[in-house]
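Novice: Right, I'll just put the structure down here and ask away after.
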Amino acid sequence: MLSLRPFAGAILTSVLLTGYAAAPAAASAQESATVSQAAARPGNGKVIYDRISGGEGVLKIKNGTGKDGVVTLVRGKTKAFSLYVRAKSTASFKRVDDGTYTVYFTTGYRFNSSKRKFTKSAAYQRFNDRLKFTTTATQSTIWTLTLNPVRGGNARTSGVNPKDFPA
């Protein structure tokens, strides 16, 4: 079973967590060009896709698996954002707009950034329950998702056909 727990908290400052890796100062432009973005492993908390306009909700993701993961929120039929979470790590997205979202996630090895998918041992799933984010004058929603099975967890998942996964 997986853990899915809502928390109410004070309104948080909007923050975008992104990873940026610059080429070393000593590297030439030619050397930098030979490194493929598709081969680089994204940093923990790297935003892979973002169509959020700046809400106050927070999504915290704990990945206790031995594989890296990408969590994607979809509102209606529109993909909202995707966040990269490395194996045995925790990452947060702090700008979730109000609304109800379906949560998809994929885990695996060797993430290809240009294709937005894992190229080795990929698994595709979604949480059966949707997440609702609501902001008031004094509170905003905080959800914590755990991608690995948790004793006493309260969330169920279903497998997803890779062709139906919102990459």
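Novice: If Lys and Arg each add +1 and Asp and Glu each add -1, what is the summed charge of the other residues whose beta carbon sits under 12 Å from the beta carbon of K46? Intermediate values should be presented prior to the final figure.
Specialist: Numbers: positive: R41, R86, R116; negative: D50, D68.
Here the charged neighbours net out to +1.
Novice: With 18 Å as the limit, write out which pairs from K132/K163; K79/K132; K67/K163; K46/K67; K88/K132 have Cα-Cα distances beyond it, or answer none. Don't skip to the end; give the middle numbers.
Specialist: On the way: K132/K163 26 Å; K79/K132 15 Å; K67/K163 21 Å; K46/K67 16 Å; K88/K132 26 Å.
Too far apart for the 18 Å limit: K132/K163; K67/K163; K88/K132.
Novice: All other residues with a Cβ under 14 Å from the Cβ of T136 taken together, and with Lys, Arg as +1 and Asp, Glu as -1, what is their net charge?
Specialist: -1
Novice: Taking the dipole about the Cα centre of segment 54-167, with the C-beta of Lys and Arg at +1 and of Asp and Glu at -1, give me whichever of V85, S121, Q139 is farthest to the positive side.
Specialist: With unit charges placed on the Cβ atoms, the residue in question is S121.
Novice: With θ taken as phi - 60° and the coefficients 6.51, -1.76 and 1.60, list the Karplus ³J(HN,Hα) couplings across segment 109-126 in order, rounded to whole Hz; mark glycine and proline as x.
Specialist: 10, 6, 6, 9, 5, 6, 9, 6, 7, 7, 9, 9, 6, 6, 10, 10, 9, 9
Novice: Let me ask something else about it. Given a Förster distance of 22 Å, report the FRET efficiency between Y49 and Y109 from their Cβ-Cβ distance, rounded to the nearest 0.05.
Specialist: Details: r = 20 Å, r/R0 = 0.91.
Once the sixth-power term is evaluated, E becomes 0.65.
Novice: Counting Lys +1, Arg +1, Asp -1, Glu -1, what net charge surrounds V160 among other residues with beta carbon under 13 Å of its beta carbon?
Specialist: Values: positive: K117, R126, K163; negative: D164.
Here the charged neighbours net out to +2.
Novice: Taking just the C-alpha trace of segment 81-164, give me its Rg and Dmax in Å.
Specialist: 14.3, 45
Every read-out reported here was derived from the displayed coordinates using simple, explicitly stated rules and does not represent laboratory data. Quantities reported herein were computed from a predicted structural model and do not represent experimental measurements. When we count neighbours, we look across all protein chains shown, and the Cβ atoms used for this are built from the backbone with ideal geometry, even at glycine.
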